[in-house]
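The values are calculated or read from the model by the stated rules, or taken from the named source; none is laboratory data. Keep in mind that this is a model prediction, so the values were computed, not measured. In this analysis, Cβ positions are derived from the backbone assuming ideal geometry, glycine residues included, and neighbour counts consider all displayed protein chains. Areas reflect the complete protein model, heavy atoms only, side chains present, ligands, DNA and RNA absent. Shrake-Rupley method; radii C 1.70, N 1.55, O 1.52, S 1.80 Å.
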Amino acid sequence: MLKSLYDYAVRNRLTFPPGYVSKKVKAYIVLLSEAEDFADVIIDDGKEIPAPDIGSLANGTDKSNVLLEKRSIVFPDGPSAKSAFFLAAMKDAAQWEPLLLPCIRAIENPALSAKIRALLDREKIKPGDRVSFQVDNKCILKSEAIIRWWADYRKQFLASGDSKPVRCLITGDLSVPLRTAGKVTGLRTVGGHSSGDAVVCFDKAAFESYDLKQAANAPVSEEAMNAVNVALTALLKKAPTLTGMKIVHWYDCDVAPKEDPIPLMIGGLAFQEDGDEEEEEEPEEAADMAAEKAQAAEQRFRVLVEAVQSGRSVTPLNAQYHILMLSGAGGRVMIRRYERGTYGELVEALNQWEEELRLTNSNETDGLPPRKLTARFSRLLKYQKNDRNVFQRIDKELSALGPAVLQAIINKDAPLPDSVAVRALNHIRSKMMASDKDDQRRDSLDPIAEQWLKVWLLRNRNKGGMILDKYNAEYYELPYCCGAMLAVYGAIQTAAMGEVNASVVDRYYGSAIQTPALVMGTLSHRAKNHLSNLSGEARRYYEKLLGELTAKIAGQHLPITLNLEQQSEFSLGYYQMIARLNKERIEARDAKKQAAEQMKEEA
């Protein structure tokens with residue numbers, strides 16, 4: 001993994017000189033060599049620039065970083081050890097680069113220093129904001145002389161009692177190993193430290209072996225570790241957040257964005273980005289726009305799959321992909337899961353996932369549209385109406401489940417954890433209980449939650465060929481038929497009585513899916529009473545449906561309780577029968593309307 005990150009940094013030219021890291025600069029103090037009393041401040045708005053860094057030695061000691069530091073250190077309100085160290089380093093560097101002499105003068109001259117403080121106050125530069133210098137319109141951090149000075153000056157921080165060269169575990173080259181490795185930034189939103197987190201860390205005795213101290217346990221060269229940290233930091237900047245972790249991915253070759261399947265994973269839409277929100281009910285225009293984007297993304301994925309299957313893909317099928325699922329913990333990078341494989345295998349696995357997700361909509365007129373992965377994960381939470389904290393709940397409640405689900409998505413035929421089915425069923429039941437008579441979607445349950453159940457059954461229970469994307473009249477499993485029969489009972493009541501405050505589905509769904517033997521008889525008796533109130537055509541239609549289902553379960557005893565697999569089948573049977581009934585009702589309505597229009601024209 002580290003070698004792959006190192007190669008990524010080299011291939012993309014991300015590496016900095018040894019001892020440099022990318023840092024944000026809030027403002028520059030502008031000085032002139034020829035005008036000793038001139039000073040100004042330029043706001044840089046937090047842009048990043050490579051700067052010298054002494055690592056953890058700057059934390060809680062009398063040392064500071066050099067050339068670029070907090071305002072409170074560069075221009076302190078009173079004497080401090082860190083400020084003295086910063087000034088001493090500036091004087092040492094001035095022997096290599098005379099451009100620093102005006103900077104030293106600005107710090108030591110009381111009048112000029114007071115003027116600069118006033119300018120910083122005017123621009124609202126806080127004590128914790130980083131500042132540096134520009135002299136004669138030149139940034140001191142970009143000086144070649146400074147780079148040479150820092151390479152020599154920093155040797156004092158790398159001094160070690162044992163400087164014997166050893167093999168670097170990343171590159172395999174002989175080099176003097178680092179005692180302490182640098183940090184990467186970008187994990188703050190997932191438990192990371194604001195100052196960064198260490199990828200390689202041996203600061204505890206429990207991490208030491210064979211009497212080796214600190215990083216001698218896993219020797220890496222400064223150049224190699226710096227490249228790894230830079231690569232990981234760059235990847236984290238564009239990595240999405242999901243279930244409390246950052247999803248970082250890269251390839252061992254250049255892959256065009258249009259051929260990268262990972263951002264299209266799950267429903268043709270990208271992972272949820274930080275700060276991005278998805279509402280359950282969008283305005284009509286926003287919903288149409290989202291649908292168009294989803295369809296376009298799905299089409300791109302179809303083109304990508306066809307290119308791979310036909311051998312027309314530009315990206316080599318044996319190219320390696322790498323996926324890291326990361327979070328922060330106590331100043332260290334926690335690797336939640338690491339996945340790697342070939343590009344061809346990845347596209348094939350994601351294509352299988354898309355195929356297994358296929359499920360009819362609630363009217364059986366089309367398939368369900370692609371959805372963001374966060375929208376799918378929200379269906380593994382207990383339903384809460386108008387939930388405004390859904391993303392926080394996903395991060396908190398699904399942090400342990402997320403890596404296992406992603407592992408199943410990117411590996412063909414990998415099973416889903418059983419907790420996926422448990423949570424999807426809990427979401428469905430909680431949504432049924434929370435629905436009111438004004439909620440027109442209550443009878444369709446939740447199609448995204450049903451997709452979880454469908455994939456879980458296909459992956460974990462080998463139901464291929466039986467569990468389809470729509471109702472399968474040839475599937476004779478008792479729980480599936482019981483779910484379909486409950487849907488018919490609900491439709492019969494609606495046809496006989498119209499909308500009621502609490503239908504038989506509202507009252508009995510929770511018990512029917514767990515203990516069908518205790519309630520299905522009651523529901524059958526009520527359905528007979530409702531059938532007697534229907535007209536001849538409608539009555540014959542529903543009697544035919546019930547006859548078909550009854551014939552399928554004839555001779556079987558209704559189970560007293562249903563296990564997890566059976567409950568999942570029950571739920572799918574109910575949903576798919578609802579979709580079939582809705583489709584047939586719409587077709588019958590359209591047929592009557594067309595016949596009436598035809599008669600009107602003939603008349």
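What order do Asp92, Asp62 take when sorted by accessible area (1.4 Å probe), most exposed first?
Asp62, Asp92
Angle, helix 110-122 long axis vs. longest principal axis of the chain, Cα atoms, 0 to 90°, nearest 10?
Value to nearest ten degrees: 10.
Given the whole protein assembly as supplied and a 1.4 Å probe, what does the accessible area of Thr61 come to in Å², nearest 10?
Ignoring ligands and nucleic acids, Thr61 comes out at about 60 Å².
Expressed as cubic angstrom per residue, what is the convex hull volume of the alpha carbon set of segment 416-561?
Values: hull volume 17.2 nm³, N = 146.
Measuring per residue, one finds 118 Å³ for the Cα hull of segment 416-561.
In degrees from 0 to 90, rounded to the nearest 10, what is the angle of the helix 2-11 Cα long axis to the longest principal axis of the chain?
Around 70 degrees separate the two axes.
If I fit a long axis through the Cα atoms of helix 343-357 and take the longest principal axis of the Cα atoms of the chain, what angle between them do I get, 0 to 90°, rounded to 10?
40
With the cut-off at 1.5 for a/c, could you classify segment 326-391 from its C-alpha gyration tensor as rounded, prolate or oblate? Before the final figure, lay out the partial values.
Numbers: a/c = 4.28, a/b = 1.22, b/c = 3.51.
It is oblate, given that a/c is not under 1.5 and a/b is not larger than b/c.
Report the calculated FRET efficiency for Ala434 and Lys396 (r = Cβ-Cβ distance, R0 = 22 Å), to the nearest 0.05.
Details: r = 20 Å, r/R0 = 0.93.
Once rounded, the FRET efficiency stands at 0.60.
P(r) of segment 103-155 in 5 Å steps, Cα pairs, percent per bin?
The distribution over segment 103-155 is 4, 16, 18, 23, 19, 12, 7, 1, given as percents.
Could you check the simple spin-label distance between Lys204 and Lys155, using points 7 Å along Cα→Cβ, in nm with one decimal?
3.6
How far is it, in nm, from the label point at Gln598 to the one at Thr342 when both lie 7 Å from their Cα along the line to the Cβ?
Placing both labels 7 Å beyond Cα along the Cβ direction yields 5.7 nm.
Quick check for me: using +1 on Lys/Arg Cβ and -1 on Asp/Glu Cβ, what's the dipole size of the chain about its Cα centre, in debye to the nearest 20?
Working: 79 positive and 83 negative charges, 270 e Å.
The calculated dipole for the chain is roughly 1300 debye.
More than 22 Å apart: what percent of Cα pairs in segment 22-95 qualify? Mind dumping the intermediate values first?
Numbers: 742 of 2701 pairs.
Counting pairs separated by more than 22 Å, the tail of P(r) holds 27 percent.
Determine the calculated [θ] at 222 nm for the chain from helices alone, applying -39500 (n - 2.57) to every DSSP H run no shorter than 4 residues and normalising by the residue count; nearest 500 deg cm²/dmol. Can you show the working numbers first?
On the way: 19 runs with 272 residues, N = 603.
Here the helix-only value at 222 nm equals -14500 deg cm²/dmol.
Quick one: grab the alpha carbon gyration tensor of segment 544-600, order the square roots of its eigenvalues as a ≥ b ≥ c, and give me rounded if a/c is under 1.5, else prolate or oblate depending on whether a/b is larger than b/c. Walk me through the numbers on the way to the answer.
Values: a/c = 7.16, a/b = 2.50, b/c = 2.87.
Verdict is oblate for segment 544-600.
With the Cα gyration tensor of segment 1-131 in hand, convert its eigenvalues to equivalent ellipsoid semi-axes via √(5λ) and list them largest first in whole Å.
Working: eigenvalues 168, 53, 47 Å².
Gyration-tensor ellipsoid for segment 1-131: 29, 16, 15 Å.
Return the ratio Rg/(2.2 N^0.38 Å) for the chain, where Rg is computed over Cα atoms only. Let's see the in-between values first.
Details: Rg = 32.6 Å, N = 603, 2.2 N^0.38 = 25.1 Å.
Relative to the 2.2 N^0.38 Å estimate, the chain comes out at 1.30.
Report the full-extension gain for the segment Thr522 to Ala591: residue separation times 0.36 nm, less the Cα-Cα distance, to one decimal in nm.
On the way: separation 69, 0.36 × 69 = 24.84 nm, distance 3.46 nm.
Going from the current span to full extension adds 21.4 nm.
To the nearest 20 debye, what charge dipole does segment 505-554 have about its Cα centre, counting +1 at the Cβ of each Lys and Arg and -1 at the Cβ of each Asp and Glu?
Numbers: 7 positive and 4 negative charges, 17 e Å.
For this selection, approximately 80 debye.
Please name whichever of Ala84, Ala114, Ser143 sits farthest to the positive end of the charge dipole of segment 76-169, dipole taken about the Cα centre and charges placed at Cβ: Lys and Arg +1, Asp and Glu -1.
Result: Ser143, furthest along the dipole toward the positive end.
Work out, step by step, the length gained on full extension between Gln309 and Ala114: first 0.36 nm times the residue separation, then minus their alpha carbon distance; give nm to one decimal.
Details: separation 195, 0.36 × 195 = 70.20 nm, distance 6.93 nm.
Length difference between fully extended and current span is 63.3 nm.
Assuming 1.306 mPa s and 10 °C, estimate D for segment 60-100 with Stokes-Einstein, Rh taken as the Kirkwood radius over Cα pairs, in µm²/s. Provide the component values of the computation, followed by the final result.
Details: Rh = 10.5 Å.
Here the translational diffusion coefficient equals 152 µm²/s.
Report in % the part of the accessible area of the chain that belongs to carbon and sulfur, leaving out ligands and nucleic acids; probe 1.4 Å. The partial results should precede the final answer.
On the way: 14950 of 29940 Å².
The computed percentage sits at 50.
At 4 °C and 1.567 mPa s, what whole-number value in µm²/s does Stokes-Einstein give for the translational diffusion of segment 514-582, with Rh from the Kirkwood sum over Cα pairs? Don't skip to the answer; put the middle values down first.
Values: Rh = 13.6 Å.
Calculated translational D: 95 µm²/s.
According to a simple spin-label model (label point 7 Å from Cα along Cα-to-Cβ), what is the distance in nm between Leu564 and Ile104?
In this crude label model, Ile104 to Leu564 measures out at 7.0 nm.
Grab the Cα-Cα distance for Asp45 and Ala84, subtract it from 0.36 nm times how many residues apart they are, and report the gain in nm with one decimal. Write down the numbers at each step before the final one.
Working: separation 39, 0.36 × 39 = 14.04 nm, distance 2.70 nm.
Length gained between Asp45 and Ala84: 11.3 nm.
Rg and Dmax of segment 372-415, using alpha carbons, in Å: what are they?
In Å, with Rg to one decimal and Dmax whole: 11.6, 36.
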